[in-house]
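Below you'll find the structure, written out as structure tokens, and then a few comments.
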Amino acid sequence: MKQPAFYLDMTACSGCKTCMVACIDGNDLPLGVMWRRVAEYTGGGWVKQPGSTYSQDVFSYYASISCNHCADPICVKNCPTTAMHKNAQGIVLVDHNKCVGCGYCRWSCPYSAPQLNKALGKMTKCDFCAKRLDAGLKPLCVQACPMRAIHFGEYEELKQRFGNAPHVAPLPEEALTGPCLVLTPPRNARPVGSRQGKISNPEEI
């Protein structure tokens, strides 16, 4: 596999957070560490029409996001100890023999993917469930999703299969890091950088 990647069908994601729970449980993550997070993006309201009538343009959709193992990972560039690196399989990993837990990787990542494990004093992150991949299994989030909204595969093959739609709010601009993430936007998606909505569950991400 040249570059592993996730595909997210945002039209199917119901925001149930089963992917988050499976990741936390399967990786035995401590409280506050979440390698996958589900953001709810909402907005809209009542719109006055000519005369005395009103209509509404309310919208809400979910974005389940983990590390995107970017083509140009800024976390790797900004790691002062070279602990953050991308291996030959295209997976961005943390070398705990080098990591000092400074947090520069998390601060620079537009997806806040690296997470500090306070007990270890080290940064941690999604590795596509590498041990499961070695055993011929799918990543936990993919396996657990009841809506089959998350898929795993080779980046270029996923783009050929599902299309190469531009990313949408609340995700950051793709040009920042070249995320290896393919998605199908929901019908009412807003473009990256839109101010028409907000993340309604910030305490969960």
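Annotation: of all residues in the stretch 144-166 being within 21 Å of MET20 (Cα to Cα) and crowded, with 16+ Cβ neighbours inside 10 Å, the one that is nearest to the chain's Cα centre (by Cα) is ILE150.
Within the stretch 51-68, the residues that satisfy the criterion of being among the hydroxyl-bearing types (Ser, Thr, Tyr) and within 21 Å of the chain's Cα centre (by Cα) are SER60, TYR61, TYR62, SER64, SER66.
Applying the condition of being of a type in the set (A, V, I, L, M, F, W, C) and at pLDDT 95 or above to the stretch 32-57 and asking which residue is farthest from ASP95 (Cα to Cα) yields ALA39. Number of residues in the stretch 134-150 that are part of a helix (DSSP H, G or I) and in contact with a strand residue (DSSP E or B) (Cβ under 8 Å, 6 or more places away or on another chain): the value is 2.
Selection of strands (runs of 3 or more DSSP E) fully inside the stretch 22-111 by the criterion of at least 3 residues being in contact (Cβ under 8 Å) with a residue 40 or more places away in the chain returns 37-43, 59-65.
How many residues, within the stretch 128-152, are of a type outside the set (A, V, I, L, M, F, W, C) and at positive phi? Summing the residues that are of a type outside the set (A, V, I, L, M, F, W, C) and at positive phi in the stretch 128-152 gives 2. When the criteria are applied in full, GLY153 meets the requirement of being touching a residue at least 60 places away in the same chain (Cβ under 8 Å) and in a strand (DSSP E or B).
The values are calculated or read from the model by the stated rules, or taken from the named source; none is laboratory data. Since the model is a prediction, treat every value here as computed from it, not as a measurement. As a convention, Cβ positions derive from the backbone with ideal geometry for all residues, glycine included, and neighbour counts pool all protein chains shown.
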